[in-house]
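All remarks here apply to the structure that follows.
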Amino acid sequence: MPSDIIQWFPGHMAKTRRLITENLPMVDLVIEVLDARIPYSSKNPELRKLVGQKPVLTVLSKSALADPKAGQEWMEYYKACGRRAVFIDCMTGFGMDRFASSVEELLAQKRARYEEKGMSGRTLKAMIVGIPNVGKSSLINKISGGKSAKVENRPGVTLNKQWVSTQVGLDLLDMPGVLWPKFEDQTVGENLAITGAIKDDIMDLERIAYALVGRLRTMYPDLLCERFKLGDLSQYDDLDDWDLFEVIGRKRGFLMAGGVVDTERCAKAMIDEFRQAKIGRITLERPKSGK
Ligand SMILES: Nc1nc2c(ncn2[C@@H]2O[C@H](COP(=O)(O)OP(=O)(O)OP(=O)(O)O)[C@@H](O)[C@H]2O)c(=O)[nH]1
Ligand SMILES: [Mg+2]
């Protein structure tokens, strides 16, 4: 992982741990929000250990931007692991019904226990955790039907924890997004940067775009060719990923004086188009055993 990202992390990791452990005793359910395009890279590997016996619901957000075929593979993987997971999209409303019924299933025991004690109708509490910009606040607004949680398309929008009440007998705790990368793995850092979980201003856009070209070239060659009008990809076999990135810049006409490719402009365009799924519905990771 590039050193500029590493410097940013230690404080965040300690903060995540504190935020989760401090608030855990108050909640009945933990909702873990992952990015459907990077289910592995967006996962906090310590979460299960931190939450102990509390039920956890895994929510894969932004699924309208992700590859449905890969989504199917991930669903099968979660099922095989015995984990409860739902794919949702807060923009299209996809999966929200299934999300609501999964929440209720996980809370059923708790609700029944309150009922036995004559406390039916008691409001339960859920904590929403996940990396920056993954859609935690959007999910809360979707459930509550309001705009109590601030949403913006950049990481680090929610700065403090905030309780939001809803009409469904569940109070939701919005949390600041926190990164929890697997340090040894450069791919994870790149995936977080490509999808927008790391502030763009601390990352070199050209480096992110270069990584994206590499991923698309091997994982989605047809989408890459189609979007950037590259023709038959085999003609570029001798080119490395950086050279191919420059070909894309040239095809797009991102040129500076002297015919030099404006790599910064090209990088920005590619990353924007990826994030808006203009290149296509893309998932950068497939399930592997043990992950
Ligand atoms: N297409 C799509 N975009 C989404 C979805 N959920 C959130 N977004 C967008 O992603 C961006 C970030 O959403 P937020 O809800 O602010 O994310 P967050 O996890 O609260 O981010 P932080 O508070 O920074 O940690 C916004 O531009 C949202 O509109 C989704 O399901 N689909
Ligand atoms: Mg937020």
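The values are calculated or read from the model by the stated rules, or taken from the named source; none is laboratory data. All values derive from a computational prediction rather than experimental measurement. Cβ sites come from the backbone with ideal geometry, for glycine too, and all protein chains shown count toward neighbours. To get the accessible areas, we keep the full protein, side chains included, count just its heavy atoms, and leave off ligands, DNA and RNA. Shrake-Rupley method; radii C 1.70, N 1.55, O 1.52, S 1.80 Å.
Counting only protein heavy atoms, what percent of the accessible surface of the range 151-202 is carbon or sulfur at a 1.4 Å probe? Percent of accessible area from carbon and sulfur atoms in the range 151-202: 46. With the cut-off at under 18 Å, measuring from each backbone N in the range 167-206 to a point 7 Å along the Cα-to-Cβ line of residue 113 picks out 170-171. Once Rg and the Kirkwood radius are both taken over the C-alpha atoms of the chain, their ratio Rg/Rh works out to 1.02. Distance from the alpha carbon centroid of the range 145-189 to that of the range 205-219 works out to 27 angstrom.
Of all DSSP-defined beta bridges confined to the range 3-174, some 15% are antiparallel rather than parallel. Loop-located trypsin sites (Lys or Arg not before Pro) in the range 128-215 (DSSP state other than H, G, I, E, B) with a sparse environment of at most 12 neighbouring Cβ atoms within 10 Å: 147, 150. Annotation for the range 102-197: chymotrypsin sites (Phe, Trp or Tyr not before Pro) lying in DSSP loop with at most 15 further Cβ atoms inside 10 Å of their Cβ are 183. With the simple model of a label 7 Å out from the Cα in the direction of the Cβ, residue 46 to residue 199 spans 2.2 nm. Taking θ as phi - 60° and the Karplus parameters 6.51, -1.76 and 1.60, the scalar couplings of the range 117-128 work out to 8, x, 10, 5, x, 5, 6, 9, 10, 10, 9, 10 Hz in sequence order, x denoting glycine and proline.
For the range 3-174, the square roots of the Cα gyration tensor eigenvalues, ordered a ≥ b ≥ c, give a/c below 1.5, which places it in the rounded category.
Classify the range 191-291 as rounded, prolate or oblate from the Cα gyration tensor: take a ≥ b ≥ c as the square roots of its eigenvalues, call it rounded if a/c is under 1.5, otherwise prolate when a/b beats b/c and oblate if not. Cα axes put the range 191-291 in the oblate bin. The relative contact order of the chain, computed from alpha carbon pairs under 8 Å that lie at least 6 residues apart in sequence, is 21 percent. Phi angles of the range 40-51 translate, via the Karplus equation with coefficients 6.51, -1.76, 1.60 and θ = phi - 60°, into HN-Hα couplings of 7, 5, 8, 8, 7, x, 9, 4, 4, 5, 5, 8 Hz per residue; Gly and Pro are given as x. With the simple model of a label 7 Å out from the Cα in the direction of the Cβ, residue 256 to residue 125 spans 5.4 nm.
Considering only beta bridges that DSSP places wholly inside the chain, some 20 percent are antiparallel. Sparse packing (at most 16 other Cβ atoms within 10 Å of the Cβ) combined with a DSSP loop state is found for the following GluC sites (Glu not before Pro) in the range 132-203: 152, 184.
Taking the C-alpha atoms only, the angle from helix 263-275 to the longest principal axis of the chain is near 40 degrees. For residue 60, the amide hydrogen comes within under 5 Å of the amide hydrogens of 34, 86, 87, 88, counting only partners 5 or more places away or on other chains and with H modelled in the peptide plane. Each label was represented as a point 7 Å from its Cα along the Cα-to-Cβ direction; for residue 97 and residue 185 these points are 3.4 nm apart. Contact order, relative form, for the range 204-275: 39 percent (alpha carbon pairs under 8 Å, 6 or more residues apart, mean separation divided by residue count). Cross-link pairs exceeding 32 Å in C-alpha to C-alpha distance, out of 15/117; 54/150; 142/229; 62/117; 147/288, comprise 15/117; 142/229; 62/117; 147/288.
Here the calculated FRET efficiency for residue 18 and residue 147, from their Cβ-Cβ distance with R0 = 30 Å, stands at 0.60, rounded to the nearest 0.05. Taking the Cα centre of the chain as reference, the dipole from Cβ charges on Lys and Arg (+1) and Asp and Glu (-1) amounts to some 1280 debye.
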